[in-house]
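Just so it is clear, none of the values below were taken in a lab; they were calculated from the coordinates. No experiment lies behind these values; they were computed from the predicted model shown. As a convention, Cβ positions derive from the backbone with ideal geometry for all residues, glycine included, and neighbour counts pool all protein chains shown.
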Amino acid sequence: MVVASSPTPNRIEKINSFDVPIIDLSCKRSLVSELVVKASEEYGFFKVINHGISKDITDRMEEQGLNFFAKPALEKRQAAPPSPLGYGTKNIGFNGDVGEVEYLLLHTNTQSISQSSKSISNEPLSFHTQLKKKLHVFLFLEKNLDSCVVNDYIEAVRNLACEILELMTEGLHVHDNKCVFSDFIRDIDSDSLVRLNHYPPYKDIMDTSPSSQTNRIGFGEHSDPQILTILRSNDVGGLQILLEDGTWVPVPPDPIAFCVNVGDTLQVLTNGRFKSVIHRALANSVKPRMSIMYFAAPPLHACISPVPNTITPEKSSLYRPFTWSEFKKTAYSLRLGDTRLDLFKAQ
Ligand code: GA4
């Protein structure tokens, strides 16, 4: 596949099919949009460099995460359980998935919890108790994370996600509205999330049995339900993507690049042209790995269906229309690795 890559801007290189595409966002826009579409169709995954997000913003966000995960377990548990927002360890989702990971899940719209707290007085007691728990987690996180740092990071990755989504519409020749994807993310009610995953070093796990010598699953295979994921990690490897021929490809760590994943919703919006990539994280290193993901999602009420120019006489809509809320509910009711899109196919 052809990619535009650093260190020489505007240079085009050929890489073999096992290399992860690296796209230099400082190259000519028409070329970049073409490469973004090609990588999204072939792999549903690529890295971007010269993305314009300062090292200071990522360093400060990484520091927040490292400080949080370095706290004693008892203290971290004050931000638990992740239902689904908050601190979690080992258990992923609600249906029995586990991994060698601890994490923090945050909503990018912090208003959502504090606003709902104002209207709880008339609600039934069980709802009240649940909300009180959520509020406790929210307040604990507010005290323990620097909201300026987190907000600066969210703003930077949201802008990057929108930029990439607009490059996609240009590459797909959606001429009437180049913001048809990015408008979902810019919406004030966007349901986007930020997740920090911390994979403790292998040597810290005091298990010398032969089975422990093999790679441990940090986060099992899955696709992301949202539109687009923007991922950054420290300099420790572990992320792998699954190619269509069934091989797992390790993604070399690169703290100055961002990895971009196509999510299930973007697969639907492009009527199956873009592939929602299956990926996983292994936790077998001697150094701790920390990754930070921004999951760009539509508002809960948003209606999802393929954009018009991906529907042709030869290729009718592969999916029935649904709301993000409906799709999210389904995804959260299943296991991590379950295929959810099949349930939304057109008859
Ligand atoms: C995968 C992408 C995001 O990390 C996430 C995950 C969520 C969770 O960890 O609670 C899910 C998973 C993710 C997909 C299927 C469901 C929901 C765990 C799980 C078993 C926060 C998300 O939105 O979906």
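Membrane-span-like helices of the chain, defined as complete DSSP H segments with a Cα extent of 15 Å or more along the helix axis and a mean Kyte hydropathy of at least 0.0, are identified as 29-42, 147-171.
Output the pairs from Lys55/Lys275; Lys71/Lys132; Lys55/Lys178; Lys90/Lys287 with a Cα-Cα distance over 22 Å in this structure; if there are none, say none. Going by Cα-Cα distance, Lys55/Lys275; Lys71/Lys132; Lys55/Lys178 fall outside the 22 Å limit.
Based only on Cα atoms, what Rg/Rh ratio does region 290-347 have, Rh being taken as Kirkwood's radius?
Numbers: Rg = 13.7 Å, Rh = 13.2 Å.
Across region 290-347, the Cα-based Rg/Rh ratio is 1.03.
Cβ crowding within 10 Å ranks Cys179, Cys148, Cys27 as Cys148, Cys179, Cys27, fewest other Cβ atoms first. Using every Cα-Cα pair within region 223-347, state what percent have a distance larger than 21 Å. Of all Cα-Cα pairs in region 223-347, 45 percent lie more than 21 Å apart. A cut-off under 12 angstrom between Cβ atoms defines the neighbours of Tyr87, and their net charge, with Lys, Arg +1 and Asp, Glu -1, is +3. Mean separation of Cα pairs under 8 Å and 6 or more residues apart, divided by the residue count, gives region 238-347 a relative contact order of 23 percent.
Subtracting the Cα-Cα distance of Leu31 and Thr323 from their residue separation scaled by 0.36 nm leaves 101.8 nm.
Counted by neighbouring Cβ atoms within 10 Å, the residues Lys38, Lys90 run from fewest to most as Lys90, Lys38. Please give me the summed charge of the neighbours of Pro298: other residues whose Cβ is under 15 Å from its Cβ, Lys and Arg +1, Asp and Glu -1. Here the count lands on -3.
Multiplying the residue separation of Leu135 and Ala346 by 0.36 nm and subtracting their alpha-carbon distance yields 72.0 nm.
Here is how the number arises for the chain: DSSP H runs of 4 or more residues each give -39500 (n - 2.57), the sum is divided by the residue count, and the result at 222 nm is -9500 deg cm²/dmol. Sort region 128-257 into rounded, prolate or oblate with this rule: let a ≥ b ≥ c be the square roots of the eigenvalues of the Cα gyration tensor; rounded if a/c is under 1.5, and if a/c is not under 1.5, prolate when a/b is larger than b/c, oblate otherwise. Taking the square roots of the gyration eigenvalues as a ≥ b ≥ c, region 128-257 is oblate. When the alpha-carbon atoms of the chain are used, the pair Rg, Dmax equals 20.1, 63 angstrom. Extension gain, Ser126-Thr339: 0.36 nm per intervening residue step, less the Cα-Cα distance, totals 73.4 nm. How high is the FRET efficiency between Asp245 and Asp56 when r is their beta carbon distance and R₀ equals 35 Å, given to the nearest 0.05? Computed FRET efficiency for Asp245 and Asp56 comes out at 0.30. Given R0 = 45 Å, the distance between the Cβ atoms of Asp176 and Phe94 translates into a calculated FRET efficiency of 0.65.
When a footprinting reagent is the concern and you count Cβ atoms within 10 Å, what order do Val262, Val20 take, fewest first?
Numbers: Val262 28, Val20 21.
Fewest-to-most Cβ neighbours within 10 Å comes out as Val20, Val262.
Of the residues Leu106, Leu145, Leu193, the one that moves most in a GNM of the chain with alpha-carbon contacts below 10 Å is Leu145. Among Leu196, Leu300, Leu74, which one shows the highest mean-square fluctuation when the chain is modelled as a Gaussian network with alpha-carbon springs under 10 Å? Comparing Leu196, Leu300, Leu74 in a Gaussian network model of the chain, the most mobile one is Leu74.
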